[in-house]
Amino acid sequence: MGVLLLSFLLLTVLSIDSELTLIVIGIIGAILVVINMILISGYCGALVNEYYRALHGQKVGITSFMNYAFKNSPQFFVIVLVKMIVIGFFITPMALLYYFMDLGSIHSAILYIFVAVALFIWLIIDFLFAFSFIAYVEKKVKPLSAILISLNFIKDTHIKAFLVYALYVIVCLALMIPLLNILVYFVFYPMAMASLIKFFEKESARY
């Protein structure tokens, strides 16, 4: 926000046209969003790597965490980007249909139905990608290969994989509860992530 505000003030001082100012601010904002997503992807991937190392008795620490995060952020971002594209491929047509057909004017309940279906689709796609980060960390493969491994892994383990994933999702949702999230983050989240990693290791020996 600070960068956007400074950019806006600078463009205002330079007396740049308002429409051009909005375009420039939009471009800067988009760049910042992408950079933020890359860094977050690296953080999430590095967190998986630290849990993986800890489970195998290897040394962990903030230095190794940061080094791994910065080094592998682009690769983890590729996985996240592919997942977002797939989600958008299914959800965007629904949103456009709802908007242009003005379905909300028919009945207010239609909006809730669309939201519920969109969340269900999001959950299913996220489940299909659930083991991509773990596959990248453990198998040391390229991002797209990690995605394929996750898809094949879920195809073979389906119900068992979903049960482990469902536990992980419940723990993640608990992180949204104030005060309780502190306990969840330091106790239950590591347990849920460790369960995902150990389950993947146990069931994916043939990949």
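Among all residues of the range 137-158, there is at least one that is modelled with pLDDT of 90 or more and acidic (Asp, Glu).
Do you know which of the residues in the range 51-68 that are in contact with an Asp or Glu (Cβ under 8 Å, 6 or more places away or on another chain) and hydrophobic (A, V, I, L, M, F, W, C) is nearest to ILE38 (Cα to Cα)? Here the answer is PHE65. For ILE110, the criteria (1) assigned to a helix (DSSP H, G or I); (2) exposed (fewer than 14 other Cβ atoms within 10 Å of the Cβ); (3) over 21 Å from the mean Cα position of the chain (by Cα) hold in every case but one, which is (2). Restricted to the range 106-146, and to residues there that are in contact (Cβ under 8 Å) with a residue 40 or more places away in the chain and of a type in the set (Ser, Thr, Tyr), the residue that is farthest from TYR52 (Cα to Cα) is SER132.
Taking the criterion of being small (Gly, Ala, Ser) and in a helix (DSSP H, G or I), the residues of the range 167-207 that qualify are ALA174, ALA192, ALA194, SER195.
The number of residues in the range 171-183 that are surrounded by 12 or more Cβ atoms within 10 Å (Cβ to Cβ) and either farther than 20 Å from ALA46 by Cβ or of a type in the set (Ser, Thr, Tyr) (or both) comes to 4. Only one entry of ILE147, ILE154, ILE197 meets the criterion of being closer than 21 Å to ASN72 by Cα, in contact with a Leu (Cβ under 7 Å, 6 or more places away or on another chain) and not hydroxyl-bearing (Ser, Thr, Tyr), and that entry is ILE197. For the range 41-81, the set of residues classified as in contact with a helix residue (DSSP H, G or I) (Cβ under 6 Å, 6 or more places away or on another chain) and over 14 Å from VAL137 (Cβ atoms) consists of PHE77, VAL78, VAL80, listed by residue number. Please determine, by comparing only the residues of the range 72-104 that are in contact (Cβ under 8 Å) with a residue 12 or more places away in the chain and hydroxyl-bearing (Ser, Thr, Tyr), which one is surrounded by the fewest Cβ atoms within 10 Å (Cβ to Cβ). This residue is TYR98. Per this entry, ALA130 is counted among residues that are closer than 16 Å to ILE197 by Cα and assigned to a loop (DSSP other than H, G, I, E, B). Selection of the range 51-71 for residues being in a helix (DSSP H, G or I) and either touching a residue at least 60 places away in the same chain (Cβ under 8 Å) or surrounded by fewer than 16 Cβ atoms within 10 Å (Cβ to Cβ) (or both) yields TYR51, TYR52, ALA54, LEU55, ILE62, THR63, SER64, MET66, ASN67, PHE70, LYS71.
The values are calculated or read from the model by the stated rules, or taken from the named source; none is laboratory data. Since this is a predicted model, take the numbers as computed values, not measurements. Note that we place each Cβ from the backbone using ideal geometry, even for glycine, and neighbour counts take in every protein chain shown.
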